[in-house]
Amino acid sequence: MSESQDVPERLGRYEIVERLASGGMGEVFIARFVAPGGFVKPVAVKRIHPHLAEDETFIHMLHDEANVAAAIRHPNIISTIDVGFEAGNHFVVLDYANGDPLQRMLRDLKKHHGAAFPDWMVAWIGAEVASALHAAHEAKNLEGESLEIIHRDVSTSNVILSDAGHPMLFDFGVAKAKQRMVQTSHGELKGKLPYMAPETFRGEAVDRTVDVFSLGVMLYELCTGNSPFARNSDLETIMALQSAVVQPPSRVRDAIHDSLDPIVMRTMARDRAERYPTALAVENDLRAWARARGAPHDAASAAAWIAEMFSDRCAFRKALLARVASNAPRSQMSSSPRINTLTPGAFTPPSRPPGQLQTPTPGQVSHTPAPVSAPLSGMTPAPSSYVPFPRTPIPNGSSSSSIPGVAPSDPQGLRPEFAPARSAASRMPVFLGVLVALVLGCGAFLVLGVRSSDDTTAAAAPPSAVTPVPEPSAIPAALTAPSSSASQEPLAASAKPSAKPSATTPKAGSAPPPLKKGGPLVRSYD
């Protein structure tokens, strides 16, 4: 088993959770696809081993498998979801089947119970797989042409029995199809040796009856717990297949009803002409056998039997799906919702009873994820796995849905009409601030007014703009003082005589009043 050591965190849009299996060509991971609206889907991602990622043959085989499986529409065939390439990784995304391969279930039955599948379960599994094979044999492309698909690898390792009781056929990696990029060379064998029809060793052309033969070998193995043709060496195995001499299942195991023997033995008949011509004929006979026997023949009965016989495996898969659903994404997707988004390791379980909302303090942002049932240790809930929060009352009397990640007291995260009212204590700093702003504003206006008046006066009468004192003969009598001291007082250039005697006009024999800054100005005579 070749296995790469590196497990990528992501492949395209899919977050890797755990490696499920590894083989010679590639490996399979369980992953999840997370989308807005709480959408979480478990998927299986199959990629080529990194050391084979440059081999075009393996790349074409991977794409052929995806194309062939995508052309078949059947509920018992694992469907192809996506094909991608990222950072040197070629991968195919498949629908995840929550179950185990028949090979592992058969091994566990023999180990713990010393038995194999009951005959009614063999009939149920065989009928469902036969229906899937018939759908593959009849598949057509979009133009309506037959694809001539032959699986060529039907075996217990390529059928998964889900916990819901549905057998799922997969792995069309070596399937023969009309539009494959990699064609099988003449004489080249494809598939697992103990399940191959005898005619494939004779170089004859393969048709749908080789899948019928492989299905018969699988049914015989489920009935008896042993392969009818597997031997210690490949040569011995081929010789056993050529002879095809085996005992009926009921003679190997008493729990198998002998009425099932003819169906199983005809399905794996040595001669192609004696074999069932189609998988549909096998399905019809198996369903008719179940009706005639009155045996259970439905998915619910199969699921109940699986839950009883494989309780530990069912619990393990349930826990694995819980990890897929509850673990936080390793990286934030561009389309993920911003609200209630958590990064790995950033979540701390709330210290409150489950289902009870925590009331945040003013100014505190409350991240309240939805409770997750039985999370595993070290795992954090996915951001998209929350449930809507109940409507909580708001102090102003209205009601609104609580928004995760936004505290009810934070008006930045709510609409204005839903903003909670402030208390009297919280409004006092606002009132003081407004009052101080008004006082400072009035003072600023007064200061600006005084400065404006000073600037106007200075502009109208600058100190240096003084005109020479005119001759005494040119001075009007109203401004001439009789005393000798009066004639020696200079007059400002801006002094202007009044037309009429007033209180400000100096009388004869008195000194002129002193000029005040900002007082009335008069213009001198030229």
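Tabulated results
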quantity: Yes/no for Ala97 being of a type in the set (Gly, Ala, Ser) and in contact (Cβ under 8 Å) with a residue 60 or more places away in the chain; calculated: yes
quantity: Answer residue from region 59-75, given it is surrounded by fewer than 19 Cβ atoms within 10 Å (Cβ to Cβ) and in contact with a strand residue (DSSP E or B) (Cβ under 6 Å, 6 or more places away or on another chain) and is farthest from Val28 (Cα to Cα) among those; calculated: Ala70
quantity: From Met265, Met239, residue being at pLDDT below 95, among the hydrophobic types (A, V, I, L, M, F, W, C), part of a helix (DSSP H, G or I) and more than 18 Å from Glu128 (Cβ to Cβ); calculated: Met239
quantity: Meets criteria (on the phi > 0 side of the Ramachandran plot and either buried (at least 20 other Cβ atoms within 10 Å of the Cβ) or within 25 Å of the chain's Cα centre (by Cα) (or both)) for Ala87; calculated: yes
quantity: Filter result for the condition that a residue is at pLDDT below 95, over 21 Å from Ala21 (Cα atoms) and within 36 Å of the chain's Cα centre (by Cα), over Ile149, Ile125; calculated: Ile149
quantity: Residues (touching a strand residue (DSSP E or B) at 6+ places or on another chain (Cβ under 8 Å), modelled with pLDDT of 90 or more and hydrophobic (A, V, I, L, M, F, W, C)) located in region 307-338; calculated: Phe310, Leu320, Leu321, Val324
quantity: Number of the exception - Met105 against (1) under 25 Å from Ala319 (Cβ atoms); (2) free of Cβ contacts under 8 Å to residues at least 60 places away in the same chain; (3) out of contact with any His (no Cβ under 8 Å at 6 or more places or on another chain); calculated: (2)
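The values are calculated or read from the model by the stated rules, or taken from the named source; none is laboratory data. Small disclaimer: the values here were computed from a predicted structure and weren't measured. When we count neighbours, we look across all protein chains shown, and the Cβ atoms used for this are built from the backbone with ideal geometry, even at glycine.
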